[in-house]
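As structure tokens, the structure follows; a few thoughts come after it.
The values are calculated or read from the model by the stated rules, or taken from the named source; none is laboratory data. From a predicted model like this one, the values you see are computed outputs, not experimental measurements. Here the Cβ positions follow ideal geometry from the backbone for every residue, glycine too, while neighbour counts run over all protein chains shown. SASA here: full protein model, heavy atoms, side chains in, ligands and nucleic acids out. Shrake-Rupley method; radii C 1.70, N 1.55, O 1.52, S 1.80 Å.
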Amino acid sequence: MTTLSLIDDAPSEGVAQRIDIRAFDAPLGAEVIGLDLSKPLSQADFARIHRAHLDHHVLVFRDLDITPEQQIAFSRRFGPLQIHVLHQFGLGGHPEVLIVSNIIENGKPIGLGDAGHFWHSDLSYKEKPSLGSMLHAQELPATGGDTLFSNQHLAWDTLPAHLQKAVQGRAAEHTYLAKYAELQKRSPWRPNLTAAQIAEVKPVVHPIVRTHPETGRKALFVSEHFTTRVIGMPEDESRVLLDELFAHSVRADFVYRHVWRDRDMVFWDNRSVMHLAAGTPDDQRRKLYRTTIEGDAPF
Ligand code: SIN
């Protein structure tokens, strides 16, 4: 296990807040009541939130009335922020905030409307995938728009022995472009990429089983969205193995389904979970702001 990867150089003079952390009756997740980010957060409160994030993998902050600046500042306490390759969907003046939205204004999408259409861990296609992501609700549909999270420590712990043996010590390729053309055919949210954008997302290779850098727990680290092949394995065998891993990794008993409430902010650990956007009916509007914190190179 390595040391904590936090950048916690924020002021420590904050007064203790009445923060209540309640675990969900689910394979992961807890809700956090009472956090007020308009006030300085004490080191002790920050440490509690950090510990809860490691223990529960997904934190749901309720009633968080915050500005994008406050979301950015809170996210930065966990590490440097990543800017999404689809820069055109960054919030004006705040490139670190990705707008996740199905809203079309004046014939143009205001954000990425099909983010999370396939199971994935954020930015696994980068050398340093994301440590965690924070998604803050701005406008929610009356129905639909849920987000599902699957616990990848449980996925590894329960993987049948023959599959554990098959993946031990192996690595797989992750590619941002894996599903891009397919998504582009079916939605208005996937612009043609420039040469510079394509150069930003060259394929990378990561271990299939990763070790969480802060807890030492092992997790399965492959996804339907971005993982394309097992390195050093014939294509047909690699396909069969990946399909088995994908099916196992999202077993219903590993999954928590988040039904959004106004002002929720969800903070998930991309080293421990994968997520999926369940989809929003076409006639309903949904808008959320996402910040993404850089993590370590998986090992
Ligand atoms: C994402 O994959 O970051 C978006 C998830 C969602 O829109 O529910």
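When the helices (runs of 4 or more DSSP H) confined to segment 81-188 are screened for residues that are modelled with pLDDT of 95 or more and open to solvent by 10 Å² or more (accessible area, probe 1.4 Å), those reaching at least 2 such residues are found at 152-157, 161-167.
Scan segment 1-46 for residues that are at pLDDT below 90 and among the acidic types (Asp, Glu) and the total you get is 3. Of all residues assigned to segment 215-225, none qualifies as being among the aliphatic types (A, V, I, L, M) and open to solvent by 50 Å² or more (accessible area, probe 1.4 Å). The residues listed here are Val205, Val240; of these, the one that is closer than 16 Å to Ser130 by Cα and open to solvent by 10 Å² or more (accessible area, probe 1.4 Å) is Val205.
Of all the residues that make up segment 130-144, how many are under 23 Å from Val222 (Cα atoms) and within 13 Å of the ligand (Cβ to nearest atom)?
Keep residues of segment 130-144 that are under 23 Å from Val222 (Cα atoms), which gives 130-135.
Narrowing further to those that are within 13 Å of the ligand (Cβ to nearest atom): 130, 132-135.
Adding up the residues that qualify gives 5.
Within segment 61-73, the presence of a residue that is more than 24 Å from Arg261 (Cα to Cα), away from the ligand (no atom under 13 Å from the Cβ) and open to solvent by 30 Å² or more (accessible area, probe 1.4 Å) is excluded.
Residues that are on the phi < 0 side of the Ramachandran plot and open to solvent by 30 Å² or more (accessible area, probe 1.4 Å) within segment 261-275 comprise Arg261, Asp262, listed in sequence order.
Of the listed requirements (1) within 16 Å of the ligand (Cβ to nearest atom); (2) in a helix (DSSP H, G or I), Gly279 misses just one: (2). The single condition among (1) away from the ligand (no atom under 12 Å from the Cβ); (2) farther than 12 Å from Ser150 by Cα; (3) touching a residue at least 40 places away in the same chain (Cβ under 8 Å) that Asp264 does not meet is (1).
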